[in-house]
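Novice: Got a structure for you, written out below as C-alpha cells; questions coming shortly.
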Amino acid sequence: MKITKLIVAACILTGIAACDTDKDMAVYGEDSGAIQIEAAINTAFTRSNPGAAGEQQKQFNEGDQIQLTCEDGYLTYALSGGKWAPTDNYYLRWGAEPVTYSAFYPVVSGASTLNFTLPANQQRLENLANADYMTCTVANATDDGSRILRLGMNRKMAKVIMTLADVSGQGKVQGVKIGSYQGYTNGEVVSGTSLISPFITVPEGGKAGQNGCSYTAIVVPGKAGASATFVSLNYLGEDLVMPGIPELQPGKCYEFTLKVEGSVISISEPIVSPWDSGTIQGGDAEELQLAAYYVKEQPAGNATGMDWDNAMGVDALRNLLQVNGNSAVSNANAVKLDGKKIYVAAGSYEIAKENSGVKIEYSGYSKQVEITVEGGYDPTSTGTDLTKRDVGKYTTAFVRNTASNASATTNAMFCLGNQIDITFDGCTFDGQYKQGDKGDVNGFYAAAGQGNASLQLKNCIVKNFNRESASDAGAAIKIAKGSVFLERVELVNNRALNRGGAILTNNAASVLFMNNCLLHENYAPGAWGTTIHAGNGYVCMNNVTILGTTGTAGNSITVNGDARFMLSNTTIVGNLGNPNGVFRAGKGASLVVNSLFAKGAGVKTICIDKNTSTHITSGGYNVYQAADAGWGAIDTDTDYSSQSLPSAALTDGVYQWTVTGTIDEFATKQAVINAVKSFDAAVGQQFINWVGEDGFGVDQRGAARNAGKMQAGAYDAGL
C-alpha cells in the first residue's frame, strides 16, 4: 500500500514493497489497484437519508466527507455521484501486506479518530450535522478481490430532545441551552462541560417557547456530572438553571419533558431508544421553518431570528445567506428562504469580513430563490412588530471590515451567483474606504460565475467602495450577467481606476434598469466611464441625475459604453478632464428622450466616435450643450449652448435649472412613453412596466410634472 499521486499525463511510478506499481499512469478512476471505500453507519439510522428504508438508511449524503488514515498518511474522501472519491491529487492503492485503517466523520478542524470538539452552536442544519461524530477502525485489512474497503462508522454521540409542557398562559421560555461534555481527547471524554444552543422545533399552530416546542442537541455521552449544568433558560425574565448532567450512552436518543414551575426547572425521566430514526442531517429535529427572519446588531434570546426578541446577529445572517457546497444543505436553505423576508433593525453589520463578503447562490435548486431584506427598523422593536420603520431615522448599514486584515478582502460585499433573486429595501452599503485608499471590493457583483442572478435595490445608498487596485471596475455595482433594478438609489463616493467608478456592465445578457436615482462623487479618472461604463447589454434610465467627476485621460467621459442605452427624463452634468463629454453610445443602438445634457465644468456633452455615424436616436425634447455635430438631434431637441446652466450642484437631491425662452418644444408624458416603447420591442415595454406609466409623469423627487408640458431632465419645476 502507498499514497499515489494522481497524474493525468504519463509517468512511471516508483516501486515500493507491498504495492501494486506496474502501471504507467496513475488515475484513480482507472487504476484497478486503487482502494475504493464504502461507508455506512452501524445502525439503522442514517445521518442523511433518515426517511429512506432498509439499506438506504445507512447511506451518507452527497458532499459528505470522511477522513481515512493509515501509516503512510491520511486522505479525505467525499461522496460525489453516489461514490466516494479522494478530494485532492492523491489516493491509496492496495498492497500485498495487511494494513490497519481508521476513519472519522465529520472532517472539521481539530477532529481525528481520537479527538473531537463538540460545536456549541447547533441551531443550524450544518452545525447539527457537524456535531455527529463517528469513528471506525479496520484492522489488518487486505483486498478481498472487490478492491473495496468497507467502513462501518460507529456513532460516538448521544442525542437529547426536550419538549416543553405546562407553560402557563402567554409565558414564553427563551434562551434554552443544554449541557454537555466538550468532546474527546485521546479517545476519552473530556471533563470540561459547555452549554449547547439546540435546534428548535415549533409544532404546527404552536408558538416558540410555549407548549410543544422542542429542543434537540447532540451531546457527548459520559458519566453523570452532579454539579454541571444540564439545562439553562430564561422564563418571565428570570434566568434559571438545572444542574446535573445524567449518564448517557453513545448511539442513544434521550427524550425528556421539560417543565418550569415557578423558579424551578424540572424534567421527566427520559424515554431512551436507539438513535435510529430522523428527518434531517445529524438528528431527528425538523429544522425550524420561519415565516420571516428578524435581525439585530446583537443577537437576542435564542438567536434563531423567529422574532425581534430572538433576533439573529450578523454572523448568523451571514451564515444563513452564504452559499454552501453541500447540495443537500444548499437546497434546504433555499426552501427556508424562498419567498421570505428578512427584517433588519438599525445598526452596523459587518457583512464583508476577513477575506471575503457573502456569496449567495442556489445552483441546484429548481427555481430562483426570492429573498427580500428590509432595513430601517427601530432596534427597540419587540415581538413581530413591523410598525416602527423609518429608513431616514433608523439606518441599517452593511459594512466592510476595516481591521488589520481588511486588505485581504476581495471581490464584493455581496456576490450573487446562480438562481438568486434578492431585493434590498431601505439599506445602506458602506465600503468604508477613505480618501487615498486603494481597494479591491465592489458593493455588489451580479451573476458572479455567469448565473441568472437578479438584484433589486430600493431606497438604498451604496457608498465608499473602491476598485482602484483591481483589474476591472464597477466599484458600487458590477454586472457580469443577469439583471439589476435600481429604484430611489444613491451611489456616492465610489472609486475605480477606470471604466466605471460606480457601475460596470460587460455582458450582452446584462440588464440595468434605473429609476429616480442619484449618482455623484463617483470616480474612475484613468479612462472612459468615470461614473458608468456599460460595455454591453441594456441600460435604461428614467429620472436619473448623474453629476460627472474629474477625469485625467484623453478619453474620459461620464457615461460611456457599447451597450444599448435608453435615457428618459435624465440629467447628466459634465466636469473637468472629461474631453469626450458626458455621454457616448459607442456601438449599441440607443435612444434619448426629454433629457438634459449639461457640460458643467467640461467642454462638451454628447460624443460620437470620430469617422463614424451616430448610434443614437432622438425621441425628441432633449436639451443639450456643446454636443458633437451629427449626434442625432431632431427638430424638437434644443441646442442650449448659448445659454448658461448652473454649476454641478444638488438641491433637494437633484440638479435644478430654470427654463428660458430659448426652448419652445416640450415633451408630453405620452410622447416620452411612446419613445421608450420604440427603443426596443421587448426591453422598452419591460422598462415601462417596471417604472409604471405614472412614473414618467413625475420628476426624480416625486413631484408631479405637467403631463402636457414637461421640463427636460430629472428635475421639473412644474411648467
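The values are calculated or read from the model by the stated rules, or taken from the named source; none is laboratory data. Since we're looking at a predicted model, the values are computed, not measured. Here the Cβ is made from the backbone with ideal geometry for all residues, glycine too, and neighbour counts use every protein chain on show.
Novice: Which condition number in (1) among the acidic types (Asp, Glu); (2) under 17 Å from Asn452 (Cα atoms); (3) surrounded by 18 or more Cβ atoms within 10 Å (Cβ to Cβ) is the one that Asp338 fails?
Specialist: Answer for Asp338: the failing condition is (3).
Novice: Scan region 483-525 for residues that are part of a strand (DSSP E or B), among the small types (Gly, Ala, Ser) and assigned by the TED database to the domain that holds Leu650 and report the count.
Specialist: 1
Novice: Further, regarding this structure: Being farther than 16 Å from Ile178 by Cα and of a type outside the set (A, V, I, L, M) is the filter here; which residues of region 206-222 pass it?
Specialist: Those that are farther than 16 Å from Ile178 by Cα and of a type outside the set (A, V, I, L, M): Gly206, Lys207, Gln210, Asn211, Gly212.
Novice: If you go through region 690-719 one residue at a time, how many are surrounded by fewer than 19 Cβ atoms within 10 Å (Cβ to Cβ), of a type in the set (A, V, I, L, M, F, W, C) and either on the phi > 0 side of the Ramachandran plot or in a helix (DSSP H, G or I) (or both)?
Specialist: 1
Novice: Only strands (runs of 3 or more DSSP E) wholly contained in region 224-275 count here; list those with 2 or more residues that are touching a Ser or Thr at 6+ places or on another chain (Cβ under 7 Å).
Specialist: Result: 225-235, 238-245, 252-261.
Novice: To continue, here is another question. Within the group Thr605, Thr571, Thr552, which residue is in the same structural domain as Lys677 (by the TED database) and either without any contact (Cβ under 8 Å) to a residue 12 or more places away in the chain or farther than 20 Å from Ser647 by Cβ (or both)?
Specialist: Thr552
Novice: Cβ-Cβ distance below 6 Å, separation of 6 or more or different chains: which pairs start in region 355-370 with a residue that is in the same structural domain as Ala332 (by the TED database) and small (Gly, Ala, Ser) and end on one that is crowded, with 18+ Cβ neighbours inside 10 Å and in a loop (DSSP other than H, G, I, E, B)?
Specialist: Note: pairs meeting the criteria are Ser363/Asn418; Ser363/Gln419.
Novice: Sticking with this one: Just to be sure before I move on: is Ser214 within 13 Å of Phe230 (Cα to Cα), assigned by the TED database to the domain that holds Thr257, crowded, with 18+ Cβ neighbours inside 10 Å and of a type in the set (Gly, Ala, Ser) in the structure I sent?
Specialist: Spelling it out, it is not the case that Ser214 is within 13 Å of Phe230 (Cα to Cα), assigned by the TED database to the domain that holds Thr257, crowded, with 18+ Cβ neighbours inside 10 Å and of a type in the set (Gly, Ala, Ser).
Novice: Right, another one. If you check Phe666, Phe687, which single one turns out to be more than 24 Å from Lys599 (Cβ to Cβ) and surrounded by 17 or more Cβ atoms within 10 Å (Cβ to Cβ)?
Specialist: Exactly one residue qualifies, and that residue is Phe687.
Novice: Give the residue, chosen from Ala453, Ala480, Ala476, that is in contact with a strand residue (DSSP E or B) (Cβ under 7 Å, 6 or more places away or on another chain), buried (at least 24 other Cβ atoms within 10 Å of the Cβ) and not assigned by the TED database to the domain that holds Lys353.
Specialist: From the options Ala453, Ala480, Ala476, the qualifying one is Ala476.
Novice: Identify all residues within region 544-556 that are out of contact with any Ser or Thr (no Cβ under 7 Å at 6 or more places or on another chain) and either surrounded by 24 or more Cβ atoms within 10 Å (Cβ to Cβ) or closer than 16 Å to Leu491 by Cα (or both); write none if there are none.
Specialist: Leu547
Novice: Just one of the numbered conditions (1) at pLDDT 90 or above; (2) crowded, with 16+ Cβ neighbours inside 10 Å; (3) not assigned by the TED database to the domain that holds Ser191 is not true of Gln298; which one?
Specialist: That leaves (2) as the condition not met.
Novice: If you go through region 341-368, how many residues are of a type outside the set (D, E, K, R), part of a strand (DSSP E or B) and at pLDDT 95 or above?
Specialist: 7
Novice: If you don't mind, another one. Could you please let me know if Pro203 is assigned by the TED database to the domain that holds Gln170, part of a loop (DSSP other than H, G, I, E, B), without any contact (Cβ under 8 Å) to a residue 24 or more places away in the chain and surrounded by fewer than 18 Cβ atoms within 10 Å (Cβ to Cβ)?
Specialist: Yes: the conditions hold for Pro203.
Novice: Right, Val691: of a type outside the set (D, E, K, R), farther than 27 Å from Asn575 by Cα, in contact with a Cys (Cβ under 8 Å, 6 or more places away or on another chain) and in the same structural domain as Tyr538 (by the TED database) or not?
Specialist: So Val691 fails the test.
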